[in-house]
Amino acid sequence: MKRRSVFLTILQKKLVFGVVFFVLVMCNSTDEKELAIQALAVDIELDRFDLQFYAQGPEVLPALKKNYPYLFPKQFSDSVWVARQQDSLQLILQRAVGDVFEDTSEMEAKINHLFQHIKFHFPSVKIPQVVTLTNNVDYQIKTVYSDSLLLISLDTFLGASHELYQGIPTYIRKELDQKYMTSQIVEKFANYLLPPEEDRTFLAQMLFEGKKMYLQDLLLPHEPATVKIAYSEEELNWVKENELYIWQYFIEEQLLYKTDPKLVQRFLEPAPFSKFYLQLDNESPGRVGRWMGWQIIKSYINQNPETPLEALLRMPAQQLFQLSKYKPKR
């Protein structure tokens, strides 16, 4: 009996040592990768179009139209732009932007950090020109990303409690904050990068959103999950605690292979809460389908860690789901 006890003690020590060694190896590997990422030559400076346009006279227009032709549609005459320069509402917006973004050094550092990660994982991606502007607080177009250009509407990141956002629904207003800016950029980068999802099933739409969330993990490794998915701590805890029940609902209602566009509205698009049509709806956060897609992608990565990133992003939904062996946490 004593020999058995000694044997178990030795085995336990070996197991503990193995776990510690694995953690240390993983930490060292992560540290080495981050050092390699930080060494990448990326130097982003904000191009403040907003400052060049507002509080200026009409004489600046010719140079601005030459340097930023994509911001001046040809069907509009110069009188439109002169009026905009002098419009009282536009000037109020610009003054608010000037107050909040007087110092943009932290913002530049975060965007630079993001594009170092993008460059590491996607070496062929061009580092874009980053242009800031105001856009009538159009919260549906906070950022625009293309091959070599990133537009940022600074008036959509003034802070959730800013007085200019009064009247905007709370679930939308909460994301009008600087802390979500890089997450919004990744969202637009993912839409640019990922091939359009032709499969219209609810499962495919969930996994498409899940792939975008996985890109958040890769490109924003130092941001908390609450920022990546724009949840409060309470909302994040709710989906964690109810993951099994959400999944059971999707299965019991046979939603995975339905193509009803209302499912996107109910579970994937921004909303004050998700629509199960149950009493618990008001307790739930919006976009729980995006959360579930994220968990399925994580499960796939755990099962298939050697899958190349490009292959994962282009993998059909059904194949990815089957290989994920996803089982919700109990």
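The values are calculated or read from the model by the stated rules, or taken from the named source; none is laboratory data. Bear in mind the structure is a predicted one, so any value in this text is a computation, not a measurement. Heads up, the Cβs are rebuilt from the backbone with ideal geometry, glycines too, and the neighbour counts pull from every protein chain shown.
Each row is one residue, and each column tells you yes or no for (1) in contact with a Pro (Cβ under 8 Å, 6 or more places away or on another chain); (2) assigned by TED's automatic domain parsing to the domain that holds E234; (3) not aromatic (F, W, Y).
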position	(1), (2), (3)
F276	no, yes, no
E283	no, yes, yes
G286	yes, yes, yes
N304	no, yes, yes
M315	no, yes, yes
Q319	no, yes, yes
R330	no, no, yes
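Of everything in the range 184-205 that's over 18 Å from the mean Cα position of the chain (by Cα) and part of a helix (DSSP H, G or I), which residue is nearest to L312 (Cα to Cα)?
Among those that are over 18 Å from the mean Cα position of the chain (by Cα) and part of a helix (DSSP H, G or I), it is A204.
Looking at the range 300-312, I want the residues that are free of Cβ contacts under 8 Å to residues at least 24 places away in the same chain and have a partner that is assigned to a helix (DSSP H, G or I) and among the hydroxyl-bearing types (S, T, Y) with Cβ atoms under 8 Å, at least 6 apart or on another chain. Which pairs are those?
Every condition considered, the pairs that remain are Q303/S324; T307/Y300.
Examine the range 135-146 for a residue that is closer than 21 Å to P123 by Cα and assigned to a loop (DSSP other than H, G, I, E, B), and state whether such a residue exists.
Within the range 135-146 (the criterion being closer than 21 Å to P123 by Cα and assigned to a loop (DSSP other than H, G, I, E, B)), the answer is yes, since at least one residue qualifies.
For the range 310-325, which residues satisfy the criterion of being closer than 15 Å to K298 by Cβ and part of a helix (DSSP H, G or I)?
Passing the criteria: L312, L313, L320, F321, L323, S324.
Yes/no per residue for (1) buried (at least 18 other Cβ atoms within 10 Å of the Cβ); (2) farther than 19 Å from L176 by Cβ; (3) out of contact with any Lys or Arg (no Cβ under 9 Å at 6 or more places or on another chain):
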residue	(1), (2), (3)
L93	yes, no, yes
G98	no, no, yes
S105	no, yes, yes
H117	yes, yes, yes
P128	yes, yes, yes
T134	yes, no, yes
Q140	no, no, yes
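Given the residues V125, V137, V131, V144, which is the only one that is outside the structural domain of Q216 (by TED's automatic domain parsing), among the β-branched types (V, I, T) and within 17 Å of the chain's Cα centre (by Cα)?
So the residue among V125, V137, V131, V144 that is outside the structural domain of Q216 (by TED's automatic domain parsing), among the β-branched types (V, I, T) and within 17 Å of the chain's Cα centre (by Cα) is V144.
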